[in-house]
Amino acid sequence: FRIGQQVDWSLTPESDAQWRVYSTVVKDPKTGRNTAAEQEGVKVRTTPRTLLSLLWAASLTPPEDACFLGQVEYMSQERAAQRVANEVARERLNAFGGGLGHAETLLVKRDPFKHETEVRLVYVEHRDGCGSDHIFAVPFDPNSTFEEVMLDPRLHPDDVKEREAEFSSLGFKHPVKKSNLYQRVLYEIVLDERGWSNALTLPVAA
């Protein structure tokens, strides 16, 4: 964690937009391999309980007022501003006070980002002087934290094999597989008219 920020997760199983925002694939025109592997992203799956437990275990202040996990609420900019105004008018100097109050201010985003269905893991640091780097470290074991790793759906099969081997060499014991988001799907439709039937197969591309 960087103090004053949050770690973002999503409830959306698959998202074209998120792959394109958080992962870069630049294919070699001859081989089809990714030439931007260092900017390549992966999608990891875990549970809310696992994330919050990690944060509680690492907390340097009482975790019940420092560690939070919440689903982001999406609204118009006008509504968000009105919510802040109402809270300040009601609570005055105590508006958004305490750990929970601080965390709640980070659980609001504008409507254009609604597709993210975001969940935020928030740590509120109550102590003065957190160090010059403003970093809060949360130790974790990938094998006990992540249930699955999903690779970019645009990767070449040889890239996929290479990534799978890399994860295996690092001791990761859970599934590592390529997303099938862009995989073609075949639908077979049976037409039955005047005593005859034909099967029509339609390829559907993403």
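Quick note: the coordinates plus some simple rules give every number you see, no bench work behind them. Only a predicted model underlies this, so the values are computations on that prediction, with no experimental measurement involved. Here the Cβ is made from the backbone with ideal geometry for all residues, glycine too, and neighbour counts use every protein chain on show.
Here are some notes:
- Trypsin sites (Lys or Arg not before Pro) restricted to the range 4-89 and DSSP loop, no more than 15 other C-beta within 10 Å: 30
- Long-range Cα-Cα pairs in the range 6-181 (distance over 21 Å), rounded percent: 61
- Measuring r between the beta carbons of residue 144 and residue 88 and using R0 = 45 Å, the FRET efficiency lands at 0.60.
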